[in-house]
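Quick notes on the structure that follows.
Every read-out reported here was derived from the displayed coordinates using simple, explicitly stated rules and does not represent laboratory data. Remember, it's a predicted structure, so these values are computed and weren't measured experimentally. Heads up, the Cβs are rebuilt from the backbone with ideal geometry, glycines too, and the neighbour counts pull from every protein chain shown.
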């Protein structure tokens, strides 16, 4: 009996999660999709490394870290662009995007140098 | 943040926006001038050795850096990056490009290139000598920026002034001390400043700069692991104390990813950036902060009831997964014998580790724990201003002040383990003392100001609660309220500048009256604090001039008639070597002198200060501890032509090879068990007089140090050990003396060539002996492991 209530609670939980998430604005959802894509690419690379072996290690490292880095930076962008965040309301979204681009530039420059 | 304000001019009308901005601008100019003066102070206080001796590079390690910089400036960066050095660690060689921290040499090389392209003809040596003072000025400015982020500009200026002069930092960054710490401390403080700035503003731009500054730190010094462990610790602290915010995520997560990548770019670190335990903390906290961020996000979008359900679900599932992952991780880490940590890092965590397992790390004098007086010598007055600063950081406690507290606590612990790490303590101590002094001056000057007669109704003249109150009409009384924030060095005339720092009076007007101290007590306290600062300045200048300016390659002493007697024996010996030996001759000495020999004498050495190959050093140690014949055989198998020993017995120089000899025995004995330390000690005591053991009296080090020593005064009295030597008259059979310097401090011997005819033994029996020895594989019977 307790089990069915937990199952029902879990279902209610997922329902509320889905409905709450559906309320987020579209631009944030696009960023979320991008983050998901980056993480998925990283996971694919890790699985590939597990299958094929880790030589050359620097290429693997640069590939995985570039995906994770892009994901992290996109999350930072999302934080700064989100209108619900009181701390960042005086930061223009264009400024946040410019910072995002700069950080990505540095990240990918390093990646290209490290990839070998 | 309050801005520094100076009210030298006459009365200003309250709540005048123009006057306020004028005051702000004026204060900014004053702060800028003070910063420039602090930079000049930091630069000039480090020039004592150049004035007292000459513009020469000090100690041992800087000579290696100087040689590398010379190579870089001559051959360009690609050759430097791929340089394989065959003039050291003969016959192994050393991959310079992959084992050196390139930050310092690249910095100096860039400065040299830029300056020369502007047609200012500075030599590489001049640039190398003066790199450290320049970067100490930068470090003071970085400390100003960091403390400004934590507490305010007044505290920043005080901290910068303190860091410019603190003896611990001076000791590693005098003009001529061309070592990694010279630029590394600047990089450390600057990285911390950018981290705090990112934390305070939440801007991704500063996060990028933070990662780049961290990259510069990784390039410069092995102590970068301090940063990559301190910042995760702070993030964890913030999360645990409930101070998580999205700014924390922006400050930390990009730093981990970018920082790891950039650290992996430096060849010395390479894949250690992801494989060694020193970096695991950052990854662990990376995962934790993502979990926490997700939790906060879900909490934000769900109702509280649903959130409780989510929490129970996640906790039950997540705990199981977590335990599995941690178990795997522990199994992986525990499978390596050092648990993935490097030897030096393990020494920091367990101070007794090095003495048990790696005698070389334990033998370096810099790696010993400091004594209590050395704290007072190195950070002086700051030692008891730091607790006041810690308390000041708690009111109010912010993210940045909690970071500074964590920094000081960890650096105090590490400085207690290794005296070399007092250097990391110095910036933290200066920051906290700056905060303490600034807060103290705040309170005291506010008390004085509000109690001066003539400032009537001070609380009623306030229009808005956001700026300071300036009401007085007397110029003299206003001058009394301006206070000292820093003092100039003894060399310039003692003009005291006063600066008034005011905080936003957050408490109400009635409360402000309660915070006021009695007038006389405040005045006396201010004077006492100024006196404290004066003592600090006097001590710092004395320490810089007397204690830390010795280049240690040139020694001086006062002669009886008050003149200065100079002992330039080291350079004499190295120049003899460079002029009287062939370019390809190999020189054997203890590893302390390796860098200097390659840099100044330009000869190939067996071992040098890098100490990366313990067995090779143990071989040299064994040779020095063996009798003449065996030592000759070891050296001959390594193609050595000359042996160099440092001997201080004639003049009383205490850091000579006889005093270091027991370490040679220990390190040699660690690899070759036929060398046993008790053989060289009589009743557990190390002696070289008539009571010394025969093993000691017959070993190569004794013979090379004391050969013909009895001719100097007829009795052979060793001024360092304060006894007469044991064996006075002996001849050398396998070595011949070729050079002894003026004060007998450096003695160079040449290996005699092998005899053509061996009396008494035929060639056949000698080779059969050799074969049987090597085939026995018995370490006890082996005298010479190289046969």
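Each peptide in B:614-621, A:7-14, B:276-283 gets a packing score, the mean of other Cβ atoms within 10 Å over its residues, and the list from highest to lowest is B:614-621, B:276-283, A:7-14.
Choose one answer from A:84, A:99, A:32: the residue with the largest mean-square fluctuation in a GNM of chain A with alpha-carbon springs under 10 Å. In this elastic network of chain A, the residue with the biggest mean-square fluctuation among A:84, A:99, A:32 is A:84. Cβ-Cβ distance of residue A:55 and residue B:372, R₀ of 51 Å, FRET efficiency by 1/(1 + (r/R0)^6): the value works out to about 0.45. From least to most packed, judged by other beta carbons within 10 angstrom and beginning with the fewest, B:84, B:138 follow the order B:84, B:138. Per residue of A:85-97, other chain Cβ atoms within 10 Å of the residue Cβ number 2 on average. Here each label is just a point 7 Å from Cα along the line to Cβ, and for residue A:44 and residue B:84 those points are 4.1 nm apart. Estimated at 0.36 nm per residue, the fully extended path between residue B:36 and residue B:527 surpasses their Cα-Cα distance by 174.2 nm. Highest mean packing comes first when the peptides B:597-604, B:369-376, B:238-245, A:65-72 are listed by Cβ atoms within 10 Å, giving A:65-72, B:597-604, B:238-245, B:369-376. Seen through its C-alpha gyration tensor, with square-root eigenvalues sorted a ≥ b ≥ c, the stretch B:295-335 comes out prolate because a/c lies at 1.5 or above while a/b is bigger than b/c. Ordering B:219-232, B:308-321 by mean Cβ neighbour count within 10 Å, with the highest value first, yields B:219-232, B:308-321.
With the simple model of a label 7 Å out from the Cα in the direction of the Cβ, residue B:328 to residue A:11 spans 3.3 nm.
With an 8 Å cut-off on Cα pairs and a minimum separation of 6 or more residues, tell me the relative contact order of the stretch B:150-306 in percent.
Numbers: 131 pairs, mean separation 32.8, N = 157.
Reported as a whole number, the value is 21 percent.
Look at the stretch B:193-204: the mean tally of other chain Cβ atoms within 10 Å of its residues' Cβ atoms is 3. Taking the Cβ-Cβ separation of residue B:313 and residue A:22 as r and a Förster radius of 30 Å, what is the calculated FRET efficiency to the nearest 0.05? E between residue B:313 and residue A:22, to the nearest 0.05, is 0.90.
Name the shape class, rounded, prolate or oblate, that the alpha-carbon gyration tensor gives for the stretch A:10-116, where a ≥ b ≥ c are the square roots of its eigenvalues, rounded holds for a/c under 1.5, and otherwise prolate holds if a/b is larger than b/c and oblate otherwise.
Numbers: a/c = 4.01, a/b = 1.39, b/c = 2.88.
Since a/c reaches 1.5 but b/c is at least a/b, the shape of the stretch A:10-116 is classed as oblate.
Starting from the 7 Å offset along Cα-to-Cβ, what nm value, one decimal, do you get for the label separation of residue B:585 and residue B:730? Each label point is offset 7 Å from its Cα along the Cβ direction, giving 2.4 nm.
Could you work out the mean count of beta carbons from other protein chains within 10 Å of each residue's beta carbon in B:242-254?
On the way: counts 0, 0, 0, 3, 9, 5, 0, 4, 9, 1, 1, 7, 8.
Taking the mean over all residues of the peptide, I get 4.
In which sequence would B:196, A:31 go, from the one with the fewest C-beta neighbours within 10 Å to the one with the most?
Numbers: B:196 26, A:31 19.
In increasing order of surrounding Cβ atoms, one gets A:31, B:196.
Would you mind calculating the gained length between residue B:759 and residue B:722 on full extension (0.36 nm times residue separation, minus the Cα-Cα distance), in nm to one decimal?
On the way: separation 37, 0.36 × 37 = 13.32 nm, distance 4.15 nm.
Fully extending the segment from residue B:759 to residue B:722 adds 9.2 nm.
Measuring nothing but how far apart in sequence close Cα pairs (under 8 Å, 6+ apart) lie, relative to its length, the stretch B:7-154 scores a relative contact order of 27 percent.
Expressed as an acute angle from 0 to 90° and rounded to the nearest 10, what is the orientation of the C-alpha long axis of helix A:2-22 relative to the principal long axis of chain A? Approximately 60 degrees, to the nearest 10. Relative contact order of chain A: 28 percent, from C-alpha pairs under 8 Å at least 6 residues apart in sequence. Angle of helix A:26-52 to the longest C-alpha principal axis of chain A, folded into 0 to 90 degrees and rounded to 10: 60°.
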